[in-house]
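Data block below; observations after.
Since every read-out is calculated from the coordinates, none of them should be taken as a lab result. All values reported here derive from a predicted model rather than from experimental measurement. All Cβ positions, even for glycine, are placed from backbone atoms using ideal geometry, and neighbour counts span all protein chains on display.
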Amino acid sequence: MGRPGAPGDPGCPRRNGRQTLGNGSATRHQPHHSLAPTEGGAIVNARATWRGRAIGLLLCAGAVRPGGAQQPTAWTLERVLAVALRQNPDVLAARLRADSAHAEQRIARAIPNPILNSAPNQPWQYTVTLPLDVTPLRFLRTRAASRGAAAARADADDVVREVAFAVRQAFFDLLLAERQRALARDRREIFRQLLEADSVRLRSGDVPQREVTKAELEYARAAADLLRADAQVHAARFALELLMGVGAPDTTFTVTGDLAYRPVAVPVDSLSALAASRPDVRGARERVAQSEALSKLAATLWIPLPELTLSHSKGPFASGDLFSNGTANAIGFGFTLPLLYWNGGERERSRAGLQQAEVWTRRVQAQVATDVATALDAYRSARGLAERYEGGLLAQADTVLATARYAYRRGAMSLIDLLDAIRTYADTRADYDVAMHNYWVSVYALDRAVGEDIVP
């Protein structure tokens with residue numbers, strides 16, 4: 001059955017005596033007869049009461065849609081995830097922090113530049129001072145910088161892990177919102193047909209006025225539910241676009257996917273082993289190693305950094321003096337003498353930093369164990385519920401609704417019982433969609449907990 005009130009639907013009054021097709025063209029002029037199909041197959045004469053006209057306008061409200069427009073290409077989960085990992089601001093910022101840490105590593109490895117001095121005196125004097133950066137300080141400094149760069153790369157991988165789960169969850173949130181909107185549209189169509197049929201039966205005296213009024217109220221409520229469901233679709237769509245790094249919301253953005261149950265093989269026995277190499281665990285370990293290197297560096301700061309000085313002088317010399325040829329060269333050697341300050345503050349700071357890194361590592365390890373246990377419990381619960389719905393509950397709800405509608409048309413069921421059957425059908429379908437959504441979110445939550453993609 002076509003969309004209620006859509007062009008070509010005989011239940012919607014035609015404009016200017018013409019029936020508009022879906023592509024915007026029009027058929028030849030026809031007499032203006034409002035022939036509406038009903039539940040009992042009756043045909044209604046065009047002479048309707050004011051109530052019938054009001055009902056017809058209510059049913060046709062918002063039915064006109066632009067036809068012939070090219071539908072945008074739907075996005076799959078893989079395509080959405082690829083764009084998000086390329087454009088998401090959090091991922092970009094984490095990778096830039098990793099680049100900055102790599103630059104710090106290059107700085108730590110750099111050889112100090114010599115210092116050139118010139119004194120305009122008699123004679124001229126030129127001095128070059130070169131720090132001899134070949135002490136244990138250089139080794140510990142470069143080691144700490146290398147560990148810091150590795151920790152920054154692990155942090156970037158951890159951001160990718162979190163963003164990937166957020167994108168997958170938002171994708172299935174959008175699929176669920178679209179399914180809920182489709183369900184709301186189906187409910188509105190059911191009540192539209194019920195309202196048309198009861199309006200016909202009212203004019204023939206088969207049903208009382210209160211049942212038509214009840215059907216009108218249920219139709220209005222279903223239409224309001226559809227508007228709310230449409231707003232939820234827009235909100236879910238914009239949330240997904242934000243994770244993808246889209247600059248401005250796109251109302252034509254659509255996704256394609258299926259909220260259906262599919263068994264997934266989960267390596268339960270190896271989840272803990274996989275989680276031991278999660279990016280945040282690796283990052284915490286690298287920071288412990290970095291803090292250890294910084295602690296050793298602070299403990300050896302008392303070792304002076306030697307400096308080699310080369311001096312050259314040129315000018316007039318008295319006859320008979322040494323270097324009477326008019327030039328003089330000299331070599332000097334110096335270092336910083338730790339006399340007034342022995343770097344106690346640096347040693348204290350490095351010890352506190354090492355202890356903080358160790359505490360954070362223990363906290364991350366405990367969080368990993370909790371994440372794995374929580375995700376596994378959620379997966380088992382969601383899988384059990386999904387398998388139960390796959391056992392035939394949804395088909396039973398469809399059968400019950402079809403039977404109730406048939407019985408109501410034959411007068412063997414009251415309106416209250418029919419409304420209860422419709423409500424049960426809608427609740428069952430909604431619960432099924434939520435169960436499928438929760439199942440796939442729980443599967444990807446396992447990926448997030450272990451830090452690897454275990455879903456094929």
20 Å-binned pair-distance histogram of segment 73-450 (Cα, whole percent): 19, 32, 23, 14, 8, 3, 1, 0
Amide H within-cut-off set for Ala328, under 5 Å, with H built and near neighbours excluded: Ser313
Alpha-carbon centroids, segment 197-226 and segment 282-313: separation in whole Å: 84
Bins of 5 Å from zero: percent of alpha-carbon pairs in segment 187-300: 2, 8, 8, 7, 7, 8, 10, 9, 8, 7, 6, 5, 4, 3, 3, 2, 2, 1, 1, 0, 0
Segment 72-97 versus segment 385-456: alpha-carbon centroid distance in Å: 32
Within segment 267-307, backbone nitrogen closer than 18 Å to the virtual label 7 Å beyond the Cα of Gln356 toward Cβ: 283-299
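Under a Cβ-Cβ cut-off of 13 Å, what is the net charge of the residues other than Ala108 that fall near it, where Lys and Arg count +1 and Asp and Glu count -1?
Residues close to Ala108 contribute a combined charge of +4.
Can you give me the relative contact order of segment 73-450 as a percent, contacts being Cα pairs under 8 Å and 6 or more apart?
Numbers: 449 pairs, mean separation 91.7, N = 378.
After rounding, I find 24 percent.
If packing is taken as the mean number of other Cβ atoms within 10 Å per residue, what is the order of 411-417, 236-242, 395-401, 337-343, highest first? Write out the running numbers ahead of the final one.
Working: 411-417: 13.0, 236-242: 19.4, 395-401: 14.6, 337-343: 9.6.
Order by mean packing, descending: 236-242, 395-401, 411-417, 337-343.
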Summed side-chain charge close to Pro136 - residues other than Pro136 whose Cβ falls under 13 Å, Lys, Arg +1, Asp, Glu -1: +3
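Given an 8 Å cut-off on Cα distances and at least 6 residues of separation, report the relative contact order of segment 127-235 as a percent.
Details: 44 pairs, mean separation 33.0, N = 109.
The normalised contact order for segment 127-235 reaches 30 percent.
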Antiparallel content of DSSP bridges confined to segment 73-450, in %, to 5: 95
